[in-house]
């Protein structure tokens with residue numbers, strides 16, 4: 001489980017858990033419903049029944065990964081701005097000499 005600070009991340013993590021629960025519930029419910037006909041057919045239908053929830057999992061994981069990339073880019077930008085300000089301070093000191 002991912003530990004994040006913002007409310008949006010908490011909501012996304014909650015929805016991620018709900019979507020995994022939907023995957024499990026749809027898979028098990030479909031198998032229970034169709035195992036009497038054929039176990040192969042039940043597994044096949046269970047896979048297709050859980051696909052919408054798996055798609056939701058993929059979307060939510062993508063959102064989380066893009067948000068973590070954005071956070072990392074913000075950190076790198078701040079570091080680069082700090083380096084730039086230090087270099088400009090050094091240049092002003094060298095200009096005075």
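Of note, residue 68 does not satisfy the criterion of being loosely packed, with under 11 Cβ neighbours inside 10 Å and at pLDDT below 95. Being outside any helix (DSSP H, G or I), out of contact with any strand residue (DSSP E or B) (no Cβ under 6 Å at 6 or more places or on another chain) and farther than 30 Å from residue 8 by Cβ is a description that does not apply to residue 86.
Exactly one residue out of 94, 3 is at pLDDT below 95, out of contact with any strand residue (DSSP E or B) (no Cβ under 9 Å at 6 or more places or on another chain) and part of a helix (DSSP H, G or I), and it is 94. The C-beta contact set for region 5-29 (first residue closer than 21 Å to residue 65 by Cα, second residue exposed (fewer than 13 other Cβ atoms within 10 Å of the Cβ) and modelled with pLDDT under 95, distance under 7 angstrom, 6+ apart or interchain) comprises 13/1; 13/2. When we screen 43, 80 for residues that are surrounded by 14 or more Cβ atoms within 10 Å (Cβ to Cβ) and modelled with pLDDT under 95, the only hit is 43.
The values are calculated or read from the model by the stated rules, or taken from the named source; none is laboratory data. Nothing here was measured: the structure is a model prediction, and the numbers come from that model. Methodologically, a virtual Cβ is constructed for each residue, glycine included, from the backbone with ideal geometry; neighbour enumeration extends over all protein chains shown.
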